[in-house]
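Student: Before anything else, here's the structure in question.
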Protein chains: 2
Amino acid sequence: MAERVVPERQRRRRRPTRQGVVLSRQLIVDTALRLVAQHGAEALTVRRLGAALGADPSAIYRYFRNTDDLLLALADELIGRAQHGWRPTGDWRADLREIGLRIHRAYQAHPQAALLAAHRTTGRTHETRAVEAILGVLRRAGFPAPEAVRVYHAFVDQSLGFAALDAAALALPAAAQAADREVWQADYGRLPADTHPHIAATAPQLAAEMRRSGYPYALELLLEAVAARLPGPAGRAD
Amino acid sequence: MAERVVPERQRRRRRPTRQGVVLSRQLIVDTALRLVAQHGAEALTVRRLGAALGADPSAIYRYFRNTDDLLLALADELIGRAQHGWRPTGDWRADLREIGLRIHRAYQAHPQAALLAAHRTTGRTHETRAVEAILGVLRRAGFPAPEAVRVYHAFVDQSLGFAALDAAALALPAAAQAADREVWQADYGRLPADTHPHIAATAPQLAAEMRRSGYPYALELLLEAVAARLPGPAGRAD
DNA sequence: CACCTTATGACAACGTCATTGACGTGTGAA
DNA sequence: TTCACACGTCAATGACGTTGTCATAAGGTG
């Protein structure tokens, strides 16, 4: 078994499966995302993916080296969907905000997949395009290369970190998800003021706040601090 | 099978295993962390944990309902270790910085476990103590309850998000980890200036920057923005 | 010290998982 | 029309989490 996987470009014979489906990397990726969206991350197994495709599970290994290879393809697909149709407006702050929220949104749309994919560096086309776009926004804003790179790093990892964190919450089974929310209402709501005065004093706000994502606010904080560091008179000369 | 797990408090008979080990929740948690540190997250299986303990795998189910229950215990243990020995100094900014870096450090020390645990809300003792401490720092700094809660949320989730992200990188098998670093040097280093001008212009800095964690810088940005929002004359009156 | 209850460790089994080697069939080129 | 081989299928392997059952030793009781 030298190499089971044939590069997509040089595929010629496309034999349909017993159930009449013609396989391809794209079809497998799409089906995997759909599967994960419908039945959760734990439904993403080679066997079930095979069933969903109408093919023998082992057929997938003709297109992906292993499940990790498939996972990287899912990750890059998500990045691609986040970027789809985006154009810079020239307002660096609005552009960064939009990119950040798009990444977050794209991952929330497939929480189960995001959970698996957010931590990976794919180095594939969609990813490099995104990196180029963000660096472009920062450098056009007037940041010198070293600062632009530092801000890029903080910005991207903040977005991905929150995306993964929030995806994880959404990815929990419905019951566990409700239980998690309950913790803030019940558990934290009942802590006595003498042992936990600050929690007791803010319990209602806490319960309300922890229901949403902390990302939009954290993103604003980051953008604010970055703006304060822009070289030139009071943030942008032109 | 009403309930297999007996609460730790009311355990009396501690029968040693065939290999002479006396089990307990704490011993199991410690062993699990050691296992994960030595052999990676994928080594954390009930069967191998049993072997590492010198016990039959099924004995673990006398102490934890299932692997998820065990995972939450690991998560709370990590939070506890991060907090261990911390005392507020009265300087809110230094205190938050210290807490943030401690969380990050504690999780990096057990990347494999962090990866599994960072997204969970345990609601257990160590966690509530940490929440109380952070809210205390913010309220003593002068933030009114609603703002304190918002900042708390952004601060904690940013810390956990980065912790998980950076842990994921450390958690990769050594080979994949080296490959990931290589992507920035080789892959991104070779992109032509006409298709990816901004990457090409910053490639060396990019390769150097992406080698470290983006967290410390992102944390400074957050603290800076938060300081600017402190009520009172130019951030803190006293 | 002997008895009894039962907590708790051990064993065996089930169904599912990713992965792989061997097989044979239908495709597309010649 | 032929023919090589790409690729779908089959079967098997070893590891996984979890559970029902059994048996034994710990520890309270007298």
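The values are calculated or read from the model by the stated rules, or taken from the named source; none is laboratory data. Given the structure is predicted, the values throughout are model-derived calculations rather than measurements. Cβ atoms come from the backbone with ideal geometry, glycine included; neighbour counts cover every protein chain shown.
Student: If I go through the range B:181-200 residue by residue, how many of them are closer than 16 Å to residue A:146 by Cα and at pLDDT 95 or above?
Tutor: So the count comes out to 4.
Student: Now a separate question. Being within 14 Å of chain A (Cβ to nearest Cβ), within 12 Å of DNA strand D (Cβ to nearest atom) and acidic (Asp, Glu) is the filter here, so list the residues in the range B:49-101 that pass it.
Tutor: Within the range B:49-101, B:68, B:69 qualify.
Student: So, in the range B:134-165, how many residues would count as being over 17 Å from the mean Cα position of the chain (by Cα) and more than 7 Å from chain A (Cβ to nearest Cβ)?
Tutor: Final tally of qualifying residues: 9.
Student: Please verify whether residue B:78 is more than 16 Å from DNA strand C (Cβ to nearest atom), buried (at least 20 other Cβ atoms within 10 Å of the Cβ) and assigned to a helix (DSSP H, G or I), treating the condition exactly as stated.
Tutor: So residue B:78 fits the description; yes.
Student: Condition check: more than 24 Å from residue A:9 (Cβ to Cβ) and of a type in the set (D, E, K, R). Does residue A:62 satisfy that?
Tutor: So residue A:62 fails the test.
Student: Mind checking whether some residue in the range B:166-173 is modelled with pLDDT of 90 or more and on the phi < 0 side of the Ramachandran plot?
Tutor: The answer is yes; a qualifying residue exists.
Student: Would you call residue B:21 more than 11 Å from DNA strand D (Cβ to nearest atom), assigned to a loop (DSSP other than H, G, I, E, B) and more than 14 Å from chain A (Cβ to nearest Cβ)? If you could, list the steps in order and put the result at the bottom.
Tutor: Working: more than 11 Å from DNA strand D (Cβ to nearest atom): yes; assigned to a loop (DSSP other than H, G, I, E, B): yes; more than 14 Å from chain A (Cβ to nearest Cβ): yes.
Yes; evaluated as a whole, the condition is true for this residue.
Student: Right, something else. Would you point out the residue of the range A:24-56, among those that are in a loop (DSSP other than H, G, I, E, B) and not polar (S, T, N, Q), that is nearest to the chain's Cα centre (by Cα)?
Tutor: Restricting to residues being in a loop (DSSP other than H, G, I, E, B) and not polar (S, T, N, Q), the top hit is A:40.
Student: Tell me, please, whether a residue that is without any contact (Cβ under 8 Å) to a residue 40 or more places away in the chain, more than 30 Å from residue B:230 (Cβ to Cβ) and near DNA strand C (Cβ under 9 Å from one of its atoms) can be found in the range B:24-47.
Tutor: yes
Student: Which of the helices (runs of 4 or more DSSP H) found entirely inside the range B:113-218 contain at least 2 residues meeting this: among the aliphatic types (A, V, I, L, M) and touching a residue at least 12 places away in the same chain (Cβ under 8 Å)? If you could, list the steps in order and put the result at the bottom.
Tutor: Numbers: elements: B:125-141, B:145-171, B:174-182, B:197-209.
In the range B:113-218, B:125-141, B:145-171, B:197-209 are the helices (runs of 4 or more DSSP H) which contain 2 or more residues that are among the aliphatic types (A, V, I, L, M) and touching a residue at least 12 places away in the same chain (Cβ under 8 Å).
Student: Which of (1) closer than 30 Å to residue B:105 by Cβ; (2) aromatic (Phe, Trp, Tyr); (3) within 9 Å of DNA strand C (Cβ to nearest atom) is the odd one out, the single condition residue B:86 does not satisfy?
Tutor: Here residue B:86 clears every test but (3).
Student: Regarding the range A:191-204, can at least one residue be identified that is at the interface with chain B (Cβ under 7 Å from one of its Cβ atoms) and closer than 20 Å to residue A:108 by Cβ?
Tutor: No: the range A:191-204 contains no residue that is at the interface with chain B (Cβ under 7 Å from one of its Cβ atoms) and closer than 20 Å to residue A:108 by Cβ.
Student: Among what's in the range B:221-234 and is touching a residue at least 12 places away in the same chain (Cβ under 8 Å) and surrounded by fewer than 22 Cβ atoms within 10 Å (Cβ to Cβ), pick the residue that is nearest to residue B:160 (Cα to Cα).
Tutor: The extreme case among them is B:223.
Student: Give me the residue from the range B:3-19 that is near DNA strand C (Cβ under 7 Å from one of its atoms) and among the β-branched types (Val, Ile, Thr) and, out of that set, surrounded by the most Cβ atoms within 10 Å (Cβ to Cβ).
Tutor: Within the range B:3-19, the match that is surrounded by the most Cβ atoms within 10 Å (Cβ to Cβ) is B:17.
Student: Filter the range A:81-108 down to residues that are more than 9 Å from the chain's Cα centre (by Cα) and either of a type in the set (Gly, Ala, Ser) or not in a helix (DSSP H, G or I) (or both), then give me how many there are.
Tutor: Residues flagged as more than 9 Å from the chain's Cα centre (by Cα) and either of a type in the set (Gly, Ala, Ser) or not in a helix (DSSP H, G or I) (or both) within the range A:81-108 amount to 10.
Student: Then there's this: For residue A:106, indicate whether it is surrounded by fewer than 21 Cβ atoms within 10 Å (Cβ to Cβ), in contact with a helix residue (DSSP H, G or I) (Cβ under 7 Å, 6 or more places away or on another chain) and either of a type in the set (Gly, Ala, Ser) or not assigned by TED's automatic domain parsing to the domain that holds residue A:226 (or both).
Tutor: Spelling it out, residue A:106 is indeed surrounded by fewer than 21 Cβ atoms within 10 Å (Cβ to Cβ), in contact with a helix residue (DSSP H, G or I) (Cβ under 7 Å, 6 or more places away or on another chain) and either of a type in the set (Gly, Ala, Ser) or not assigned by TED's automatic domain parsing to the domain that holds residue A:226 (or both).
Student: Checking the condition among the β-branched types (Val, Ile, Thr) and surrounded by fewer than 23 Cβ atoms within 10 Å (Cβ to Cβ), which residue from B:151, B:156 passes?
Tutor: Values: B:151 fails: surrounded by fewer than 23 Cβ atoms within 10 Å (Cβ to Cβ).
Going through B:151, B:156 in turn, the sole match is B:156.
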